[in-house]
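Heads up: the structure comes next, in structure tokens.
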Amino acid sequence: MTFAVILVVALAVLGLVALATRRLGMARSGRSTGESRASVSVTSEGVSAVDGRGTRMQVAWSGLVEVGILTTSDGPWGEDVYVVLKDERGQHCIVPHGLASELLKRVLRLPGFDHEKFIAAMGSTREAKFVCWTGRPGDGKVAVETPPDAVLPSG
């Protein structure tokens, strides 16, 4: 190969690496997924979220009847794991995993929460929904009635 061909190939590879690095940085910061505009609030009353498009969602702990994990095939460039809360009226609150740390501290402690399904969801790379907890209205209050670091007996 001539020097010119080697130089062109090297520059092309460097350009692809730079592009991939930039896209990875955008995905991690949430800029490519709208996550940077999204927000989540976890209070003693419930969970509220605003997605990247400005849509507001809210579920009260007293009405919580289901916790699921929704996975997509969008990773690694986009958000691919969401925590989905559902209340007795069928309302949903969808929280990107990257913004769900405070929420997860609560829901992982719900009596009867299926930790094995949660682990399976975290490893999923396909479009799927994993229902990790179901209960009756009022059962979700346990998530706020005990301190976040308390260990609850398994259900």
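Val65's amide H: which non-local residues (gap 5+, or another chain) put their own amide H closer than 5 Å, with H modeled 1.01 Å from N in plane and none for Pro or chain starts?
Lys86, Asp87, Glu88
Given N residues in the range 35-145, what is its alpha carbon radius of gyration divided by 2.2 N^0.38 Å?
0.99
Want the number for Ser73 to Lys129: 0.36 nm per residue separation, take away the alpha-carbon distance, what's left?
Result: 18.9 nm gained on full extension.
We did not get these values from a lab; they are worked out from the coordinates using the rules stated. A quick note: this is a predicted structure, and the numbers were derived from the prediction, not measured.
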